[in-house]
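Written out below as structure tokens is the structure these notes cover.
The values are calculated or read from the model by the stated rules, or taken from the named source; none is laboratory data. Bear in mind that the values here come from a model prediction, so they are computed numbers and not experimental data. Cβ placement follows ideal geometry from the backbone for every residue including glycine, while neighbour counts extend to all protein chains displayed. The area values use the complete protein model at the heavy-atom level, side chains included, leaving out ligands, DNA and RNA. Shrake-Rupley method; radii C 1.70, N 1.55, O 1.52, S 1.80 Å.
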Amino acid sequence: MAQEIERKFLVISDDYKTATEPVFIRQGFISTHKDHVVRVRIQGNKGFLALKGSGSGITRIEFEYEIPVEDAHQMLEAFCTPTIEKFRYKLLSGKHAWEVDEFLKENSGLTMAEIELQSEDEDFLKPSWLGKEVTGDPRYYNANLIDHPFCNW
């Protein structure tokens with residue numbers, strides 16, 4: 001079974017920006033049920049469809065598939081209004097890869113970092129730009145930022 005073990009943190013400085021050029025992401029949700037979501041994403045020039053289910057702790061079921069980018073565009077227009085837009089930076093810290101998302105539009109001002117782990121208790125280096133952990137706080141789920149954007153908090 002495919003699974004995701006992920007922790008999320010707020011970002012307190014822009015020191016991460018020296019790592020790589022960001023990739024633009026536009027994504028939306030076909031379904032945002034409390035136990036599962038179906039997400040459509042365009043990342044750069046690629047399209048993706050992801051199904052994420054509930055789990056225990058910080059582990060959950062996740063299946064992600066690359067789809068034709070034109071299909072992703074059509075799905076976003078037909079099924080996913082509104083959408084989230086963000087810039088994503090990828091960088092290494094120690095042996096782990098971090099993804100830093102700088103949100104745009106209604107979620108402007110929100111910057112979060114995510115790390116995927118092999119186990120829930122895996123140790124990792126915390127970069128200096130990392131702030132408070134928000135893993136498990138539903139306000140920071142991308143699916144919730146659609147209906148409750150950061151600008152309204």
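Within segment 20-39, which residues are under 12 Å from the mean Cα position of the chain (by Cα) and β-branched (V, I, T)?
I25, the sole residue that qualifies.
Could you list, in sequence order, the residues of segment 33-83 that are touching a helix residue (DSSP H, G or I) at 6+ places or on another chain (Cβ under 6 Å) and among the hydrophobic types (A, V, I, L, M, F, W, C)?
Residues satisfying the conditions are V37, V40, I42.
Has segment 100-107 got at least one residue that is among the aromatic types (F, W, Y) and either in contact (Cβ under 8 Å) with a residue 60 or more places away in the chain or crowded, with 16+ Cβ neighbours inside 10 Å (or both)?
yes
Go through the residues of segment 89-99 one by one and say whether even a single one is among the hydrophobic types (A, V, I, L, M, F, W, C), crowded, with 18+ Cβ neighbours inside 10 Å and modelled with pLDDT of 95 or more.
Within segment 89-99, one or more residues are among the hydrophobic types (A, V, I, L, M, F, W, C), crowded, with 18+ Cβ neighbours inside 10 Å and modelled with pLDDT of 95 or more.
Mind listing whichever residues of segment 111-128 are surrounded by fewer than 20 Cβ atoms within 10 Å (Cβ to Cβ) and in a loop (DSSP other than H, G, I, E, B)?
Hits for segment 111-128 are L117, Q118, S119, E120, D121, E122, D123, F124, L125, K126, S128.
Being part of a strand (DSSP E or B), open to solvent by 70 Å² or more (accessible area, probe 1.4 Å) and of a type in the set (D, E) is the filter; apply it to segment 31-79 and report the residue that is nearest to K8 (Cα to Cα).
Filtering first and then ranking leaves E64.
For residues that are farther than 26 Å from V69 by Cα and not in a strand (DSSP E or B), tally how many sit in segment 5-30.
Result for segment 5-30: 8.
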